[in-house]
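Notes follow once the structure below has been shown.
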Amino acid sequence: MKHRTFFWFFLPTGLAMLLFIAAPIVSVVTQSLFAPHEAVLVTVESCGPFGCREETSIDQDATRELREERPLGRFVGLDIYLDRGHLAFGEVAEAWQNRTSLSDFFKRLGNLPFYRAMAFTLTYTFTVTPLLIALGLMIALAVNRLQAGLKGFVIFFSLLPMIVTPLVGSLILFWMIDSRGVLGSLIQWAANDPNLSLKASTGLTWVMLIVYGVWHSAPFAFVVFYAGLQTLPQDQLEAAQIDGATRWQQVRFVIIPHLMPLVTFVALIQLMDNFRVFEPIVGFNASAHATSLSWIIFNDLSGETRQLSAASATSVMTILGVAILLSPVLVRTWRDFRSKH
Amino acid sequence: MFLKKFTTASAFAVLAATGAQACEITARVSIVGNEFPAIQTVGAEAAKCTGAEVKTNLTADHQKINLPGMQGNPAEYTSAIIANSSIVALMNEDVIRPLDDLVAKHGQGLNKTQLITIDGKIMAVAFMANAQHLVYRADVLEQIGVEPPKTYEELLEAAKMIREKGIMENPVGGAYAAGWNLAQEFNNMFLGMGGEFFKAGTAEPNVNSEAGVNALNMMKALSEYMNPDFLTHDSNATNAEFRAGNVALMNMWGSRAATLVTADGVPQEVVDGFAIAGPMTVNGGTTPASTLWWDGWTVAKNISDEEAESTFIAMMNGIRPELMQDEEIRTQAVWLIPGYEPTPAAVGVFEAANAGTIPYPMLPYMGLLHTALGNELADFMQGKESAEQALADVEAAYTAAAKEAGFLQ
């Protein structure tokens, strides 16, 4: 393609990317470096149905002047990134100095919102992603061997977890695993412990969220792998069969190498998605046991006083987190690309 | 019976018709607010005005959208229905207008206590009061032979007896869901213990105190008698437990108590045993472990004077005294509207007001403390850390947020 043709071809996409991806990122980064002006407080009398009281309020006239002078707020540099709600370097250093043992240090670290969220997010990301790839591959292989008449039907059912809205899916599971729900009662019966509650235990809540994550995302891996299986060269498979390869050996040495680029693709997308885990935490009401960076952003924005700067800083850290997470895969893809050219 | 129904219905129809005739507006009205029955009524009645469009957007997520929807110029929402906690967010950002001139022109017939006056300026018109108070099963308490508890200590004793007699495994209910609910239960208990949220005259937090530790210990003791999933139970889930007959004693919102057992499928013994009392005290204190709330409406600043006037007229129509004749509307809330006669469901909120319950503080930085409490107390409730550590975490989290928001240096 000529450069000129390419330019005009790419222009609409480029503009859209600039407007909908680049501009919001610039805005979020800017916002995270500024904080609201220092409040000018006054004590006023406030009266209502329950009588009069002295209350502190914001002096609107004085604050308006400040705002008009500097509409972005006050510049705080990286202060918000370093405060207790985010990287909390000061608190981490203190925890390290006052530690009695290494596990004590990690316990103190787990008391800080960012590190608590990272502990769950990373555990979730690195268990859900491989599990869903394995499960997706198994479903794809199984469905591929079905007779033609059944396939459409089974494919539809396998896709259901992905079709159901995440929040609705997690709510359905949430009710089922309630200590009075179908699954909750079954687990109590199986463990022979009438007081066992999935929702009251941090460990079991994590397992529940991970199971949900795999259930929800496996269909995506399945669809991609199933499509990949349709392009599998039959002669290779037949050659392997003639050589006496077992079914497992065919999968291990013929099918998986053929699907490898797709595995990379699914891993990339799912690492990114799972790092931003959010809906199940809200759907399962699990914030007492598990939080994520996305949940922190939501929480900052949904209080009675919105914390825009804190939410922006966490957003920027999420973008950086995704970039770091994807860098090994991206580097590998780049190397493969270079070696082929 | 039929005749009575017929006359009430026709009387109401006439009233509604006259109300609609009286309410003429000339500019658009757009209302945002919460979704519980009393507010649905106010919204629906305001929308009966004719002459211009009245839009309502009543949703549980109103707090997430009311401020952004009023910051533009012109504002999308001309009125926000808020409570004493949420008016602060609107005042902090200066998006609502003083109503003195409109009250003088169109506000005849309002009780003086309905006017929310801040620094001498009327900023909102309140129409209902709310508080959390005791809701209990009279039949169960009769069975164990105790009076309805007046203190949380008595409640614990009753709970112990109910469990020991094998009547219920987890007889105490509470909206202890991590987040806003858990923080609100702490606020109640903390005020009951005589706590002060902030060091006098400053935005410095003051919850890591003896009152704070005592409040948390009492909450922990109560949770021993709750469904083990209590950290996921909000008001709705707690009410469901009560309706199912699993709970005999709970601290519940007045606005939800009136309609608690009217849902379908509630067992007859729960309907019959359902009873309401005032809020309880704790630790020998005299201030009830609860907070007082009002709900009211505001008028946006960034709209034309004509729109503001129309909004005021429509909202006044939504809270006109004639509505208090309607039995169903009357039971929906503890109305502050003139002509309201309390129903039996209102007794809890009235007792709360009479017993000197402290109103939820209208401080610019209270929302940040509430958020910090909601995030940091769950660890203590699960037994993962001490009360002192949890409260120190709350203060640290609040301080970081308050510094960012410019309330602390």
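The numbers here are math on the coordinates, done by the rules we state, and not lab data. Here the structure is a predicted model, which is why all the values come from computation and not from measurement. Using ideal geometry, Cβ is built from the backbone for each residue, glycine included, and neighbour counts are taken over all protein chains shown.
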- line: Quick P(r) readout (segment A:249-334; Cα-Cα; 10 Å bins; whole %) gives 15, 33, 27, 16, 7, 2
query: What is the fewest-to-most order of B:Glu154, A:Glu55, B:Glu35, B:Glu328 by other Cβ atoms lying within 10 Å of their Cβ?
result: B:Glu328, B:Glu35, B:Glu154, A:Glu55
message: Could you compute Rg(Cα) / (2.2 N^0.38 Å) for segment B:55-168, with N its residue count?
response: 1.67
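Below 8 Å between Cα atoms, with a sequence gap of 6+, how large is the relative contact order for chain B in percent? It would help to have the intermediate numbers written out before the result.
Working: 760 pairs, mean separation 107.0, N = 409.
Across chain B, relative contact order equals 26 percent.
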- prompt: How do B:Val247, B:Val270 rank when sorted from fewest to most other Cβ atoms within 10 Å of their own Cβ?
  reply: B:Val270, B:Val247
query: So which helices of chain A fit the span-like rule, where a helix is a whole DSSP H run, its Cα atoms reach 24 Å or more along the axis, and its mean Kyte-Doolittle is at least -1.0?
result: A:113-144, A:202-230, A:256-275, A:308-340
- request: Compute the distribution of all C-alpha to C-alpha distances in segment B:110-188, in bins of 5 Å from 0, and list the percent of pairs in each, rounded to whole numbers.
  value: 3, 12, 16, 14, 12, 12, 10, 7, 7, 5, 2, 0
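For peptide A:292-305, how many partner chain Cβ atoms fall within 10 Å of a residue's Cβ, on average? All intermediate terms of the calculation are to be shown ahead of the outcome.
Working: counts 0, 0, 0, 0, 1, 0, 1, 4, 3, 1, 6, 15, 16, 18.
That works out to 5 on average.
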field: Charge dipole (segment A:113-340, unit charges on Cβ, about Cα centre) - positive-most of A:Gly228, A:Ala311, A:Pro113
entry: A:Gly228
message: What translational diffusion coefficient, to the nearest whole µm²/s, does segment B:86-227 have by Stokes-Einstein, given a Kirkwood radius computed over alpha-carbon pairs, a temperature of 25 °C and 0.890 mPa s viscosity?
response: 131
statement: Normalised per residue, the volume inside the convex hull of the alpha-carbon atoms of segment A:149-219 in Å³ amounts to 97
- prompt: Which entries in A:Lys199/B:Lys160; A:Lys199/B:Lys384; A:Lys199/B:Lys220; B:Lys220/B:Lys403; B:Lys220/B:Lys384; A:Lys107/B:Lys199 show an alpha-carbon gap greater than 19 Å?
  reply: A:Lys199/B:Lys160; B:Lys220/B:Lys403; A:Lys107/B:Lys199
- prompt: If you count, for every residue in B:386-398, the Cβ atoms of partner chains within 10 Å of its Cβ, what is the mean?
  reply: 2
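Among B:Thr41, B:Thr287, B:Thr371, B:Thr202, which comes first, second and so on when ranked by fewest other beta-carbon atoms within 10 Å?
The most exposed by this proxy come first: B:Thr202, B:Thr287, B:Thr41, B:Thr371.
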field: Inter-centroid distance (Cα atoms) of segment A:286-333 relative to segment A:19-78, Å
entry: 23
- prompt: Label points 7 Å out from Cα along the Cβ direction at A:Gln241 and B:Glu341: separation in nm?
  reply: 8.8
- request: Provide Rg and Dmax in Å for segment A:113-340, with only Cα atoms included in the calculation.
  value: 20.7, 70
statement: One computes Rg over Rh for the protein assembly as shown from alpha-carbon atoms, with the Kirkwood Rh, and obtains 1.01
statement: The farthest towards the positive end of the charge dipole of the protein assembly as shown, of the residues A:Gly244, B:Cys23, A:Trp96, given +1 on Cβ of Lys and Arg and -1 on Cβ of Asp and Glu, is A:Gly244
query: Per-residue mean of other chain beta-carbon atoms within 10 angstrom of the beta-carbon, peptide A:50-62?
result: 5
query: After finding the eigenvalues of the alpha carbon gyration tensor for segment B:270-409, what semi-axes result from the square roots of 5 times each, listed largest first in whole Å?
result: 36, 27, 12
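Tell me, Kirkwood radius of segment B:95-135 from alpha-carbon pair distances, in Å?
Values: mean 1/r = 0.0862 Å⁻¹.
Every distinct Cα pair counted, the radius reaches 11.6 Å.
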- request: For helix B:305-318, report the angle its Cα long axis makes with the longest principal axis of the Cα atoms of chain B; keep it between 0 and 90° and round to the nearest 10°.
  value: 60
query: So, in nm, how far is label A:Leu141 from label A:Val182 when the simple model puts each one 7 Å beyond its Cα toward the Cβ?
result: 3.0
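Taking Cα atoms of chain B, Rg/Rh with Kirkwood Rh, to two decimals?
Ratio value, two decimals: 0.99.
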- request: Measure off 7 Å from each Cα along the Cα-to-Cβ vector at B:Ala263 and B:Thr59, then give the distance between these two points in nanometres to one decimal.
  value: 2.3
